[in-house]
Amino acid sequence: MSDPEIEIVVDDPTAPAEDSPAVTTTRTVEVIVYLLLLALALLLGFDNWRSGIGWAKDGPQTGYLPFYLCVILAGAALYGLGVAAVRRANATTTFVSRDQLRRVMQVFVPTFLFCLFTQWLGLYIASFLLVAGFMRVIGRIALWKSLVTSFLFAVIMFATFEIAFDVIMPKGPIEAIFGY
């Protein structure tokens, strides 16, 4: 019989160290996010005010509802800033440590580059590079397995979108050589 009280623990050898130095605190991130939301609310509110926030003969103008949504967003951002100023609990709470940020950047940077490369190389070549890179660098999978899997993924994706569903996707120079 199995014992339901037994806990199975799997350790991640690449997990961030507990003593990794803090990059920023939770309070700092909260204040930055509230300020960005407030700036967005002000920008969008001004744009909607320019397009009209009143009533016309046939009903509300185009900026009426979005303007008041911006007012609500600005109010929520100001409330959050006020709470962050008054509350001192998150003043020293670590938001992200150096090791955690490194792990996040290992995913963010290649994904960002994928978005950029899609513009010039097309979706399928960029996907091939992204999947192969993740498998090789992060997954530490053998190079030949990474290349074969990435190639098969790109081919299946091409067949699915271009042939089966006839969906227009961003194409690069390789697809142009084959006439797609």
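The values are calculated or read from the model by the stated rules, or taken from the named source; none is laboratory data. Every value quoted in this text rests on a predicted model; they were computed, and no experiment measured them. Don't worry about glycine lacking a Cβ; one is built from the backbone with ideal geometry, like all the others, and counts go over all protein chains shown. With ligands, DNA and RNA removed, areas are computed over all heavy atoms of the protein, side chains included. Shrake-Rupley method; radii C 1.70, N 1.55, O 1.52, S 1.80 Å.
Only a single criterion out of (1) open to solvent by 70 Å² or more (accessible area, probe 1.4 Å); (2) touching a helix residue (DSSP H, G or I) at 6+ places or on another chain (Cβ under 8 Å) is not satisfied by residue 108, namely (2).
Scanning for something among the hydroxyl-bearing types (Ser, Thr, Tyr) and open to solvent by 80 Å² or more (accessible area, probe 1.4 Å), does the stretch 158-167 turn up at least one residue? Steps first, answer last, please.
Step one: list which residues in the stretch 158-167 are among the hydroxyl-bearing types (Ser, Thr, Tyr), which gives 160.
Right, trim to open to solvent by 80 Å² or more (accessible area, probe 1.4 Å) and you get none.
No, there is no match, as no residue in the stretch 158-167 is among the hydroxyl-bearing types (Ser, Thr, Tyr) and open to solvent by 80 Å² or more (accessible area, probe 1.4 Å).
Of the residues making up the stretch 121-151, those that are in contact with a helix residue (DSSP H, G or I) (Cβ under 8 Å, 6 or more places away or on another chain), hydrophobic (A, V, I, L, M, F, W, C) and either open to solvent by 80 Å² or more (accessible area, probe 1.4 Å) or free of Cβ contacts under 8 Å to residues at least 12 places away in the same chain (or both) are 129, 137, 141, 143, 151.
Highlighted here are the helices (runs of 4 or more DSSP H) found entirely within the stretch 109-180 that include at least 2 residues which are under 22 Å from the mean Cα position of the chain (by Cα) and under 25 Å from residue 15 (Cβ atoms): 123-133. Criterion applied to 62, 25, 92 was being loosely packed, with under 11 Cβ neighbours inside 10 Å, of a type in the set (Val, Ile, Thr) and modelled with pLDDT under 95, and the one residue passing it is 92. Would you check if there is a residue in the stretch 39-58 being in a helix (DSSP H, G or I), closer than 26 Å to residue 101 by Cα and open to solvent by less than 40 Å² (accessible area, probe 1.4 Å)? So far as the stretch 39-58 goes, no, none of its residues is in a helix (DSSP H, G or I), closer than 26 Å to residue 101 by Cα and open to solvent by less than 40 Å² (accessible area, probe 1.4 Å). Looking across the stretch 111-120 at every residue that is over 22 Å from residue 167 (Cα atoms) and among the hydrophobic types (A, V, I, L, M, F, W, C), the one that is most open to solvent (accessible area, probe 1.4 Å) is identified as 112.
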